[in-house]
Amino acid sequence: MAQITYAASGSADRHDIDHADAEHAVRNYRRWVREFDEPRAPGLARPDLFIGPDRAGTQLLEVMGNWLVNGDLELFHVMPLRDKIREKVKRLHDQQ
C-alpha cells in the first residue's frame, strides 16, 4: 500500500487515536468499503471506509480517507467504531 498521510483540516486527531493505531487498522482492515459516504465538500471524491483493529486488538476503529493522485491515502477521520457506522456497513452489504 502507498503512504498514509493525514489531512490538516480533518478530524483524524480529535479522538486521541495514535496514528500508528489508525495505520494498523487500515493495513489490517476487517472491512473496506470503497466510496462509503458522501464527500466532505463539493468536488471531493467519496471517501473509503476501513474498519480494523488498533495495535493492541482491544477496539475496532473506523477510518475514512481519500486516495490522492499520487496513490497515497489521506486520512481525515479516525475514531472508535460507532454502532451507526457498523449498521450502515451491514445495510450496504445486505443490499449487494
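The values are calculated or read from the model by the stated rules, or taken from the named source; none is laboratory data. Keep in mind that this is a model prediction, so the values were computed, not measured. Neighbour counts are summed over all protein chains in view; Cβ atoms, including those assigned to glycine, are modelled from backbone coordinates with ideal geometry. Only protein heavy atoms, including side chains, enter the accessible area calculation; ligands, DNA and RNA are left aside. Shrake-Rupley method; radii C 1.70, N 1.55, O 1.52, S 1.80 Å.
Values for this structure:
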read-out	value
Residues located in the stretch 4-36, provided they are of a type in the set (D, E, K, R) and either farther than 10 Å from ASP54 by Cα or in contact with a strand residue (DSSP E or B) (Cβ under 8 Å, 6 or more places away or on another chain) (or both)	ASP13, ARG14, ASP16, ASP21, GLU23, ARG27, ARG30, ARG31, ARG34, GLU35
Residue count, the stretch 1-12 (criterion: buried (at least 16 other Cβ atoms within 10 Å of the Cβ) and at pLDDT below 80)	2
Complete set of residues in the stretch 28-48 that are under 12 Å from the mean Cα position of the chain (by Cα) and open to solvent by less than 60 Å² (accessible area, probe 1.4 Å)	VAL33, PHE36, ASP37, PRO47, ASP48
Some residue of the stretch 17-28 being without any contact (Cβ under 8 Å) to a residue 12 or more places away in the chain, β-branched (Val, Ile, Thr) and either assigned to a loop (DSSP other than H, G, I, E, B) or on the phi > 0 side of the Ramachandran plot (or both)	no
Single residue of PHE50, PHE76 found to be among the hydrophobic types (A, V, I, L, M, F, W, C), without any contact (Cβ under 8 Å) to a residue 40 or more places away in the chain and not in a helix (DSSP H, G or I)	PHE50
Residues located in the stretch 49-79, provided they are in contact with a Gly (Cβ under 8 Å, 6 or more places away or on another chain) and either of a type in the set (Lys, Arg) or open to solvent by less than 10 Å² (accessible area, probe 1.4 Å) (or both)	PHE50, LEU61, VAL63, LEU73, LEU75
